1. Answer yes if at least one residue in the stretch 166-183 is of a type outside the set (Val, Ile, Thr) and within 19 Å of THR84 (Cβ to Cβ), and no otherwise.
2. For the stretch 170-186, what are the residues that are open to solvent by 10 Å² or more (accessible area, probe 1.4 Å), within 17 Å of the chain's Cα centre (by Cα) and not charged (D, E, K, R)?
3. Answer with yes or no whether THR200 is of a type outside the set (A, V, I, L, M, F, W, C) and open to solvent by less than 30 Å² (accessible area, probe 1.4 Å).
4. Test PHE99 against the stated conditions and say whether it is buried (at least 19 other Cβ atoms within 10 Å of the Cβ) and more than 16 Å from the chain's Cα centre (by Cα).
5. Under 9 Å between Cβ atoms, which residue pairs at least 6 apart in sequence (or on different chains) link something in the stretch 170-190 that is touching a residue at least 12 places away in the same chain (Cβ under 8 Å) and within 20 Å of LEU236 (Cβ to Cβ) with a partner that is of a type in the set (Val, Ile, Thr) and open to solvent by 50 Å² or more (accessible area, probe 1.4 Å)?
6. Counting only residues that are open to solvent by 70 Å² or more (accessible area, probe 1.4 Å), touching a helix residue (DSSP H, G or I) at 6+ places or on another chain (Cβ under 8 Å) and not acidic (Asp, Glu), how many does the stretch 55-78 have?
Amino acid sequence: MSWTTFLESAPPAGHGVQVYGELDELAVSVGRFLDAGFRAGEPALVIATAGHEQAFCDELERRGWKLDELREQGLLTHHDADETLAALMEGELPSADRFEQVIGSAADEVASRFPERTIRAFGEMVDLLFQRGDESAAIALEELWNGLLEKRKVALLCAYELDVFDLDAQTSALPEIIRTHTHPRPVADTARLAAAVHETLTEVVGSDAAARIYLRVAEEVPRTALPRAQAVLMWLSRHQPATAQRVLQGARSRYARAA
């Protein structure tokens, strides 16, 4: 399933993630995700920071929605990400019991108003943990979300503010983030990423070596919803870090110039 199809159809138990560098990139994805749901009569549960909530509201208004009407109809429910995260934590990790009490109850409340409808949830509590350096807690929270998706009719979109052209992000952060999601989106424009990676890789190692790397990635990395260019970057970062550093630097420049 493509990223566009995920945003439009939001299959129950689908778990997408948008990695972004600029808030407007994220707002477009969240806006498309929620807009498609509202047009289908599906409610939204948004757990966002105050600053980001305003950007999402602006995007929905740009798409023609009246926020007061959405709230009055029960289609749009918002919870503050910082406050909600604080209610989930028990020491350094999120508590499964508290997660069920807070998030499970919030989902059940929305579901009671819209039985049999898929709830479109957006959450960025995981990114709050990540930005604090609590990566293990963020992944633990992702796993709790995955457990909820197995039990309730919910499709979830998450977000992380990360630099995909950073070697550390490619070796530590992104593999776990990608593992815990069904539909990962490493950049706003994956076609531009593919071109930037291919051109830089060919320049750095030559066309023959680049072809061999693509073959190795095809053999070793299962074909999933993950864009192939991102799979190449992760493979290089793990197996050939010196080459990966050069490719990442060059791809960063090409990706930016092509914007």
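The values are calculated or read from the model by the stated rules, or taken from the named source; none is laboratory data. Computed from a prediction, not measured in an experiment: that's the story for all the values here. Using ideal geometry, Cβ is built from the backbone for each residue, glycine included, and neighbour counts are taken over all protein chains shown. Note: areas computed on protein heavy atoms with side chains; ligands, DNA, RNA excluded. Shrake-Rupley method; radii C 1.70, N 1.55, O 1.52, S 1.80 Å.
1. No, because not a single residue in the stretch 166-183 is of a type outside the set (Val, Ile, Thr) and within 19 Å of THR84 (Cβ to Cβ).
2. SER172, PRO175, ILE178, HIS181, THR182, HIS183, PRO184
3. Yes; evaluated as a whole, the condition is true for this residue.
4. yes
5. That search, which allows pairs on different chains as well, returns ILE178/THR224; PRO184/THR224.
6. 2
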